[in-house]
Amino acid sequence: MTLLVIDTDPGVDDALALLLAWGSPGVRVEAITTVAGNVPLGQCTVNLFRLLALRRPEPWPLVAAGAEAPLARPLKTAEGYHGADGLGALGDWPEVEARPGPSGAVELLVEKARHHGARLTLVALGPLTNIALACEADPAAMRRIGRVVAMGGAVDVRGNVTPTAEFNVHVDPEAAARVLDAGLSLDLVPLDATRRATVTRAELERALGARPGPVATRVLAFTRHAFAREGGRLSLHDPLAIGAAIDETLMEWEPARLTIGSDGETRRTPGPPNCRVAVGVDTARFVRLLLERL
Ligand code: BDR
Ligand code: CA
């Protein structure tokens with residue numbers, strides 16, 4: 001069984017990533033923490049509760065809200081891509097009561113790290129603010145986590161917010177730098193890999209058309225805005241990080257030493273590795289797996 005804790009800023013591709021995790025046999029999503037990123041924190045948490053109400057996963061995860069802003073700079077969001085509410089700006093999501101648990105995200109991350117240690121895989125799908133704060137709160141417990149899989153960075157390819165920086169690292173470079181220095185078992189899934197994991201609108205429609213229902217209808221609706229922005233082919237950034245957490249053989253990994261530039265650049269630098277970077281993807285196998293499990 002793969003035991004997951006997911007830190008996320010939903011987000012259209014975060015939503016697909018959560019649906020993949022919830023639809024995967026042998027995977028238990030124990031807790032989900034939210035972080036400001038694609039949209040402000042409150043909206044991220046509302047979006048998570050919308051997705052929980054839509055999918056009703058078993059078991060129901062613990063939920064905690066985390067950082068409202070990056071460690072050392074103002075928040076930059078990405079409504080232009082994800083829609084004004086972060087989930088396609090549909091305007092007809094059923095009302096939900098967003099009630100995270102009493103612990104904050106950092107507390108919950110540390111508690112899960114202490115309790116599960118090497119059995120746990122932590123997946124980070126947004127800026128690394130909560131993870132950096134958890135590393136500060138209990139570095140030893142965080143180092144005992146089996147794997148930390150983070151979607152972020154543009155190592156040998158162009159960035160997606162600046163020519164050299166990827167969104168999650170660009171939003172909170174100080175957090176990314178701390179996480180790289182924290183001595184974690186860190187697997188980074190950068191744009192180098194995620195740009196090779198894409199799905200067309202027609203492929204998604206075909207797959208979801210085979211099992212119609214409220215989830216299929218909503219997925220087709222909330223992805224419409226992002227498909228339009230990407231010219232009909234959606235990059236599966238965050239779902240690929242979940243894929244990496246569930247089955248690391250979906251990717252080719254390369255040990256690397258990275259440093260973070262002031263704008264969030266992920267630069268190779270000489271010295272002992274501080275992470276593994278996903279460099280290749282079995283795209284066909286991953287897309288098939290995703291489409292079967294949404
Ligand atoms: C990352 O940025 C966000 O907008 C996506 O949700 C993903 O986590 C891709 O650069
Ligand atoms: Ca994300």
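The values are calculated or read from the model by the stated rules, or taken from the named source; none is laboratory data. Nothing here was measured: the structure is a model prediction, and the numbers come from that model. Heads up, the Cβs are rebuilt from the backbone with ideal geometry, glycines too, and the neighbour counts pull from every protein chain shown. The area values use the complete protein model at the heavy-atom level, side chains included, leaving out ligands, DNA and RNA. Shrake-Rupley method; radii C 1.70, N 1.55, O 1.52, S 1.80 Å.
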> Out of (1) in contact with a Cys (Cβ under 9 Å, 6 or more places away or on another chain); (2) free of Cβ contacts under 8 Å to residues at least 12 places away in the same chain, the odd one out for Gly209 is which?
Replying inline: (1)
> Trp22 is checked against (1) under 16 Å from the mean Cα position of the chain (by Cα); (2) without any contact (Cβ under 8 Å) to a residue 40 or more places away in the chain; (3) within 16 Å of ligand 1 (Cβ to nearest atom) and fails just one. What number does that condition carry?
Replying inline: (3)
> Among the numbered criteria (1) within 17 Å of Val149 (Cβ to Cβ); (2) away from ligand 2 (no atom under 16 Å from the Cβ); (3) out of contact with any strand residue (DSSP E or B) (no Cβ under 6 Å at 6 or more places or on another chain), which single criterion is violated by Pro239?
Replying inline: (2)
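Results for (1) free of Cβ contacts under 8 Å to residues at least 40 places away in the same chain; (2) over 21 Å from Ala132 (Cβ atoms); (3) touching a helix residue (DSSP H, G or I) at 6+ places or on another chain (Cβ under 9 Å); (4) more than 16 Å from ligand 1 (Cβ to nearest atom), shown as yes or no for each residue.
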position: Val27; (1), (2), (3), (4): no, yes, yes, yes
position: Ala31; (1), (2), (3), (4): no, no, yes, yes
position: Pro40; (1), (2), (3), (4): yes, no, no, no
position: Val63; (1), (2), (3), (4): yes, no, yes, yes
position: Ala72; (1), (2), (3), (4): no, no, yes, yes
position: Leu75; (1), (2), (3), (4): no, no, yes, no
position: His82; (1), (2), (3), (4): no, yes, yes, no
position: Asp85; (1), (2), (3), (4): no, yes, yes, no
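Take the residues in segment 219-244 that are open to solvent by 40 Å² or more (accessible area, probe 1.4 Å) and in a helix (DSSP H, G or I), then tell me which one is nearest to Ser24 (Cα to Cα). If you could, list the steps in order and put the result at the bottom.
Filtering segment 219-244 for residues open to solvent by 40 Å² or more (accessible area, probe 1.4 Å) gives 224-225, 228-231, 233.
From the residues that got through so far, the ones that are in a helix (DSSP H, G or I) too are 224-225, 228-229.
Working: Arg224: 24, His225: 26, Ala228: 28, Arg229: 28 Å.
Applying the filter and picking the extreme gives Arg224.
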>> Checking Gly209 against (1) under 16 Å from Leu90 (Cβ atoms); (2) surrounded by fewer than 19 Cβ atoms within 10 Å (Cβ to Cβ); (3) not hydroxyl-bearing (Ser, Thr, Tyr), only one condition comes out false. Which one?
In response: (1)
